[in-house]
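The values are calculated or read from the model by the stated rules, or taken from the named source; none is laboratory data. Since the structure is predicted, the reported quantities are computational estimates derived from the model, not experimental observations. Note: ideal-geometry Cβ built from the backbone for every residue, glycine included; neighbour counts use all protein chains shown.
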Amino acid sequence: MANGKENEEDRLRRERDEAEHEEAIAKRLLGRAAAEIETLADADCEESAKDQALEAARRFRHAAGR
């Protein structure tokens, strides 16, 4: 029975590690997306479109924890 418990613990650790890894990847992608949006918004855009883009970038950064 101890062997079954160890296998379950190992499986749960792997699942946790994979979830943490996926979260880190998602945060990096959100950070990159925010940077790209800011770069594009700095281009020759109408002020209202620029404001909307920068607000989206701000939300992405917030979601990424940055």
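Remarks
- Hits in the range 32-62 (condition: surrounded by 10 or more Cβ atoms within 10 Å (Cβ to Cβ) and among the acidic types (Asp, Glu)): GLU36, GLU38, ASP42, ASP51, GLU55
- LEU29 surrounded by 12 or more Cβ atoms within 10 Å (Cβ to Cβ) and modelled with pLDDT of 90 or more: yes
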